[in-house]
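Here the structure comes first, spelled out in structure tokens, and everything after it is commentary.
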Amino acid sequence: MRLGVILMEQTNTEGQETSHHPWKGFLTLYLPLLTLTIFLIFTFYFSRTQAAHVIKLSSEKHIISLQKKYIASDITSAVTDLYYLAHSSPFEEILNEESTLKKDLTNKVEQDFLQFSIAKRMYDQIRFLDNSGMEIVRVNFNDGSPVSVKEEYLQNKMGRYYFDDTFSLSIDEVFISPLDLNVEYGQVEQPLKPMIRLGMPVFGPKNQKAGIVLLNYFG
């Protein structure tokens, strides 16, 4: 009787082991396969993401490179324009002549600046400032319809960094500002106008500094 009980217990144990054996086999076979599949999916996704990132980064670098070349080309052109304007007008005569002739000379410079603004269409302001920082001639682009600013609206820019830095230069030296916002009457102009300012001192026949010519290049 005892032997029969032992045999039954052994049979039950073997049956339990047999009933659990298929699950062990399944896990042994498919768990590594499932792990490998998840790993491959993750690797594929990561590779695709990295590839997309590299392509995007390369595209952005290319765009930045083109923009740098475009800006450098424009700045070079602006320096040429500045040189032309600084040497093409009788600035010292405007400051030294009697009032009647001074008005005629100033009007001539205004017309030259106005035509230049219309032709170039890349400068928000073209100005001549005397050696005290006072605007003598100023042409505003005016959203595509350039106008000369009337005398009563001209401003003194003494103390502004771009005037001081430009006025301190020697003949044919050029000042180029960092990108900056335009300020009128002590307030930042709205809507915002990012500007790069280019300036050159102007001299009379006796190499006396008459002031500066200043271009506000659209930033």
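The values are calculated or read from the model by the stated rules, or taken from the named source; none is laboratory data. Everything numeric in this text was worked out from a predicted model, so none of it was measured. Positions of Cβ are backbone-derived with ideal geometry, glycine not excepted, and every protein chain shown enters the neighbour counts. Only protein heavy atoms, including side chains, enter the accessible area calculation; ligands, DNA and RNA are left aside. Shrake-Rupley method; radii C 1.70, N 1.55, O 1.52, S 1.80 Å.
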Suppose only helical runs count, i.e. DSSP H with n ≥ 4. What mean residue ellipticity at 222 nm does that imply for the chain under -39500 (n - 2.57) per run, divided by all residues and rounded to the nearest 500 deg cm²/dmol? -20000 deg cm²/dmol
Going toward the positive end of the dipole of the chain, with +1 on Lys and Arg Cβ and -1 on Asp and Glu Cβ, which of Ala119, Gln155, Phe218 do you reach last? Phe218
Determine the relative contact order of the range 78-219: mean sequence separation of Cα pairs under 8 Å and six or more apart, normalised by residue count, in whole percent. 28
Need one number: the % of Cα-Cα pairs in the range 49-179 sitting beyond the 24 Å mark. 41
Using a Förster distance of 25 angstrom, determine the FRET efficiency expected from the C-beta separation of Glu173 and Tyr70, and round it to 0.05. 0.50
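May I ask for the longest run of the chain untouched by trypsin sites (Lys or Arg not before Pro) that are loop-located per DSSP and have at most 11 neighbouring C-beta atoms (other than their own) within 10 Å?
My reading of the result: 1-120 is the longest stretch.
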How large is the convex hull of the C-alpha atoms of the range 123-193 per residue, in Å³? 106
Judged on accessible area alone, 1.4 Å probe, highest first, Met195, Met158 line up as Met158, Met195
Which angle between 0 and 90 degrees, to the nearest 10, do you get for helix 99-120 versus the longest principal axis of the chain when only C-alpha atoms count? 30
Probe 1.4 Å, all protein chains present, accessible-area order of Thr35, Thr106, largest first: Thr35, Thr106
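Filter the GluC sites (Glu not before Pro) in the range 43-144 down to the DSSP loop ones having no more than 14 other Cβ atoms within 10 Å, then list what survives.
Answer by residue number: Glu98.
Quick one: Cα convex hull volume of the chain, Å³ per residue? If you can, show how the numbers build up before the last one.
On the way: hull volume 48.2 nm³, N = 219.
Roughly 220 Å³ of hull volume per residue.
Full extension from Glu60 to Lys108: what is 0.36 nm times the residue separation minus their Cα-Cα distance, to one decimal in nm?
That works out to 12.6 nm of additional length.
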Can you tell me the dipole magnitude for the range 24-157 around its Cα centre, using point charges on the Cβ only (Lys, Arg +1; Asp, Glu -1), in Debye to the nearest 20? 1460
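What do you get for GluC sites (Glu not before Pro) in the range 142-219 restricted to DSSP loop and a cutoff of at most 15 other Cβ within 10 Å of the site's Cβ?
Within the range 142-219, the qualifying GluC sites (Glu not before Pro) (loop, at most 15 other Cβ atoms within 10 Å) are Glu173, Glu189.
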Give me the one-decimal nm value for the distance between modelled label points at Asn207 and Tyr161, 7 Å along each residue's Cα-to-Cβ direction. 3.1
